[in-house]
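Some notes on the structure that comes next.
The values are calculated or read from the model by the stated rules, or taken from the named source; none is laboratory data. Here the structure is a predicted model, which means the values were calculated and not measured. The accessibility values were calculated without ligands, DNA or RNA, using every heavy atom of the protein model including side chains. Shrake-Rupley method; radii C 1.70, N 1.55, O 1.52, S 1.80 Å.
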Amino acid sequence: MHRYTGAVVTIYQVAEAAGVSPSTVSNYLNGRVGRMQAGTRTRIEQAITRLGYRPNQAARQLRTGRTRVIGLVVPSVANPFWGSFARHLEGAALAEGYRVLLCNSERDPERERSYLEELWDDGVRGVVLCSALPSLAHATAVVERGMHLVAFDRIAQPDDPPGLTDVAVDNALGMALATRHLLELGHRRFAFVSGSLRSVNRAERFRGFRGAIEAAGLSLSDFVVWPAPEAEAYGDVDLAGLGRAAVAELLARPRPPTAIVAINDLCALGVCAGVRDAGLTVGTDISVTGFDDIMLADLVAPPLTTVRQPLPQLAAAAFSQLRQRVEGETSGPGQSVLLRPDLIVRASTAPHA
């Protein structure tokens, strides 16, 4: 058995302990293991563990021009969904020796551009971008320099940069599932509550809502979309407040809704608070649905009917697609990964009395 007592273990010592060349260890450390035999990988892993070897990240960055760090740009961690996604993505990254830098963009293209430029200057060559903005023109310059992007919660758009990969749940299907559920419960007066519909994911959810309404032989004009579809504000930071405010206005109408479809769970929780403010009961007087299935959805009273996104699988797919691009395993045109959501029925919805 080889034992080294020095303060710093080198790649040469790992190679000697594993019985391989230093270049083989280097290939392993840099993820170039496609043609490496399983036994060789095992010996290197055992040698690294036994010797306590830690790669010199500064030296690696000087050699390769990049770090084993990826960026994650989300709208706002004020929404617990993005905190959960970040945790799953970080878990997938750490398992492959990568770390994650988190940025909040508030869906502001200029802030996103600035973050991407700073990440590039720090040697980061891959970013998961979660704003779902319809245009990524603000990212074109850094992409042309070599930055790899995975767009999360967004389907491909006609003017996307070359090589862009999209990873998302089927938002249209998810919202159609929630809407059909309310229709099957007998509801015919309900509202769709959201901030701006100008992001790709929200537009897709509204498309699913509208499609389910029209498939039932009903007219969208008989349903309330709050606020108006052309609203500018996304409301990511205060979606709960937006949902609460919506209820106060909707219940003041001559024919108030008996059910409310919220754009996501945070908005739905605000809707539930607004229903309670009015002295009514969620699930009995007004049915409410959300989207995402954040942890809080099953903890509120009554528990929230919602559309579940398979976060572990989505995060794993986003990291895998990005890592393959960063490490040169995949090139050429981008691709789309679309996963199926599930409707989770809880007590916040009930048959229309």
For the chain, built as a Gaussian network whose Cα springs stay under 10 Å, the top-fluctuating residue of 299, 242, 182: 299
Share of alpha-carbon pairs per 10 Å distance bin for the chain, given as whole %: 5, 23, 27, 19, 13, 8, 4, 1, 0
Viscosity 1.002 mPa s, temperature 20 °C: give me the Stokes-Einstein translational D for the range 218-292 in µm²/s, with Rh taken as the Kirkwood radius over C-alpha pairs. 171
Keeping the other protein chains in place, figure out the carbon and sulfur percent of the accessible area of the chain, with a 1.4 Å probe. 52
Taking Cα atoms, the helix 200-215 axis meets the longest principal axis of the chain at an angle in degrees (rounded to 10) of 40
Quote the convex hull volume per residue of the range 296-353, based on C-alpha atoms, as a whole number of Å³. 87
How big is the Rg/Rh ratio for the range 133-236, C-alpha atoms only, Rh by Kirkwood, two decimals? 1.07
Over all directions, what mean area does the Cα convex hull of the range 226-353 project, stated in square nanometres? 10.2
Which angle between 0 and 90 degrees, to the nearest 10, do you get for helix 109-121 versus the longest principal axis of the chain when only C-alpha atoms count? 10
Counting only DSSP beta bridges with both residues in the chain, tell me the antiparallel percent, nearest 5. 10
Just to confirm the number: angle between the C-alpha axis of helix 80-95 and the first principal axis of the chain, 0 to 90 degrees, nearest 10? 20
With only helices counted (DSSP H, runs n ≥ 4, each -39500 (n - 2.57)), the per-residue ellipticity at 222 nm for the chain, to the nearest 500, works out to -12500 deg cm²/dmol
Would you mind computing Rg(Cα) / (2.2 N^0.38 Å) for the range 45-180, counting N as its residues? 1.19
Using a Gaussian network for the chain with springs between C-alpha atoms less than 10 Å apart, which of these wobbles most: 27, 171, 201? 27
Keeping all protein chains in place, calculate the accessible area per residue for the chain (probe 1.4 angstrom), answer in Å². 45
